[in-house]
1. Having 1 or more residues that are without any contact (Cβ under 8 Å) to a residue 40 or more places away in the chain and open to solvent by 80 Å² or more (accessible area, probe 1.4 Å) is the bar; report the strands (runs of 3 or more DSSP E) wholly within segment 23-127 that clear it.
2. Return the total of residues in segment 151-179 being in contact (Cβ under 8 Å) with a residue 12 or more places away in the chain and either hydrophobic (A, V, I, L, M, F, W, C) or outside any strand (DSSP E or B) (or both).
3. If I ask for residues that are under 11 Å from the mean Cα position of the chain (by Cα) and among the small types (Gly, Ala, Ser), which ones from segment 75-102 would you list?
4. Consider segment 146-175. How many of its residues are surrounded by 15 or more Cβ atoms within 10 Å (Cβ to Cβ) and of a type in the set (Ser, Thr, Tyr)?
5. Does segment 98-139 hold any residues that are at pLDDT 95 or above and basic (Lys, Arg), and which are they?
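The values are calculated or read from the model by the stated rules, or taken from the named source; none is laboratory data. All of these numbers come straight from a predicted model, not from anything done at the bench. Note: ideal-geometry Cβ built from the backbone for every residue, glycine included; neighbour counts use all protein chains shown. Quick note on the areas: whole protein, heavy atoms, side chains included, nothing else; ligands and nucleic acids left out. Shrake-Rupley method; radii C 1.70, N 1.55, O 1.52, S 1.80 Å.
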Amino acid sequence: MTALLKLAQSSDESLLIDFFRESVGMWRSERRYYTLPDGETKEVVSTIAIRFLTAGCEELQKLAQMHDLPETVSLICGTEVTWESANSVTGRKESNGSTLFGALGNILYRDRGFATAKPITAEYYFPNPKTLCLRTEYNGSVFEEELKFIGSKYRTRQSIISRAGEQIMIGQYLEKRID
């Protein structure tokens with residue numbers, strides 16, 4: 001690997017550590033999902049708790065094992081995200097659960113995906129220090145996501161889900177820190 005590539009990778013890892021640390025806490029997430037091409041809309045509100053995970057912790061070791069990484073490899077950091085969601089209009093409970101994220105190089109390892117319970121990976125990069133972009137591919141779908149800090153109390157998120165080269169869903173989120 002060239003020195004320049006290693007430097008860029010190290011820079012993104014450093015930015016990810018900072019981004020994950022800044023994400024720690026409780027968040028209220030107001031989400032709107034648009035199903036394409038018909039435009040059907042679904043609104044969801046979630047309470048999200050984010051916990052920072054340090055290199056070598058038990059959760060990241062288990063995550064590395066799920067991805068069959070060599071025992072000599074250690075994920076540099078991660079987060080545990082738990083959530084409870086309800087439909088904003090009906091109040092009906094939508095989902096609750098948790099997921100683990102761990103990072104190494106420009107790859108984000110997850111214990112599950114948005115639409116699968118299987119472990120997945122995403123490529124990530126930072127167009128600027130406050131904006132994290134992810135690209136995930138599995139089961140014939142592509143998930144492109146952007147998470148952006150707006151000051152210290154707000155984040156915006158946008159997810160675009162595509163299949164066979166066509167966009168099938170857009171998710172837009174406003175997240176407000178509540179702790």
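1. Details: elements: 25-35, 40-54, 77-87, 93-104, 107-110.
The strands (runs of 3 or more DSSP E) meeting that bar are 40-54, 77-87, 93-104.
2. 11
3. Going through segment 75-102, the residues under 11 Å from the mean Cα position of the chain (by Cα) turn out to be 78-81, 99-102.
Of everything in segment 75-102, those that are under 11 Å from the mean Cα position of the chain (by Cα) and among the small types (Gly, Ala, Ser) turn out to be GLY78, GLY102.
4. 3
5. Residues satisfying the conditions are ARG110, LYS130, ARG135.
Every residue, every condition in (1) more than 22 Å from LYS148 (Cβ to Cβ); (2) more than 22 Å from the chain's Cα centre (by Cα); (3) at pLDDT below 85; (4) of a type in the set (Asp, Glu), yes or no:
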residue: THR2; (1), (2), (3), (4): yes, yes, yes, no
residue: SER14; (1), (2), (3), (4): no, no, no, no
residue: ILE17; (1), (2), (3), (4): no, no, no, no
residue: VAL24; (1), (2), (3), (4): no, no, no, no
residue: TRP27; (1), (2), (3), (4): no, no, no, no
residue: ARG31; (1), (2), (3), (4): no, no, no, no
residue: GLU43; (1), (2), (3), (4): no, no, no, yes
